[in-house]
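One structure is given below, encoded as structure tokens.
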Amino acid sequence: MPTTELVVLLDDDGQATGTADKADVHGPDTPLHLAFSAYLFDADGRLLVTRRALGKRTFPGVWTNSVCGHPAPGEALPDAVRRRAARELGVEVTSLRLVLPRFSYRAEMGGVVELEQCPVYAGWLASAARPDPAQDEVEDAQWVGWGDFSADVLAGSRDVSTWCREQVPQLVALGSDPRRWPESHDCLLPPAARV
């Protein structure tokens with residue numbers, strides 16, 4: 001019997017208001033909920049970008065950042081990032097840094113709405129990381145240079161998810177080298193994410 005995956009529902013101030021089954025929460029009237037995005041790099045500074053599986057209910061087949069997801073109730077966001085990276089990509093995140101603690105967005109595709117407070121992390125993978133994507137989550141994955149990727153997204157020549165398109169300019173504003181992006185303090189996270 002499948003396990004129910006719960007998401008944390010939020011008010012506009014980022015306080016938890018309850019939980020809901022992830023399978024039921026995304027639709028035309030999606031409530032605000034807690035999520036995360038992560039940009040994962042290898043030892044050479046290349047970014048792992050992924051194309052969402054074609055069978056996903058939300059944004060199928062869309063290219064995006066390395067991994068996205070929802071923390072379980074009471075789960076710390078760094079733990080959720082590591083869990084989803086292992087599950088979706090078969091990789092181990094060895095270092096993780098909170099870089100955009102207050103990112104939030106709304107996106108819609110095919111009548112399905114995403115409405116998330118979605119802190120963004122930069123992470124680094126073990127030196128010999130070879131992604132082994134889970135087919136139910138990831139259609140494709142590729143390594144790209146951050147400079148090329150961000151320039152293409154900013155120029156509109158690389159089609160990516162709404163959240164990725166909104167995150168990239170904010171990440172570029174932090175500097176050209178992801179290894180030098182400043183780490184944000186956890187106190188800037190939505191209150192529901194301060195576990």
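The values are calculated or read from the model by the stated rules, or taken from the named source; none is laboratory data. No experiment lies behind these values; they were computed from the predicted model shown. Note: ideal-geometry Cβ built from the backbone for every residue, glycine included; neighbour counts use all protein chains shown. All accessible areas refer to the heavy atoms of the entire protein, side chains included, with ligands and DNA or RNA removed. Shrake-Rupley method; radii C 1.70, N 1.55, O 1.52, S 1.80 Å.
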Between the alpha-carbon centers of the range 32-49 and the range 145-172, tell me the distance in whole angstrom. 13 Å
Exactly which trypsin sites (Lys or Arg not before Pro) in the range 122-195 are in a DSSP loop and have at most 16 other Cβ atoms within 10 Å? R194
Counting only heavy atoms of the protein chains, get the accessible area per residue of the chain (1.4 Å probe) and round it to a whole Å² value. 47 Å²
Global geometry of the range 37-87, whether rounded, prolate or oblate, following the gyration tensor of its Cα atoms and the 1.5 cut on a/c: oblate
Where in the range 8-59 are there trypsin sites (Lys or Arg not before Pro) that are in a DSSP coil and have at most 14 other Cβ atoms within 10 angstrom of their Cβ? R57
Accessible surface, 1.4 Å probe, highest first, among residues S176, S157: S176, S157
Can you list the HN-Hα couplings for the range 59-65, worked out from phi with the Karplus curve (6.51, -1.76, 1.60; θ = phi - 60°), rounded to whole Hz and with x for Gly and Pro? 6, x, x, 8, 6, 7, 5
State the percentage of accessible surface on the range 38-147 attributable to carbon and sulfur atoms; use a 1.4 Å probe and exclude ligands, DNA and RNA. 45 percent
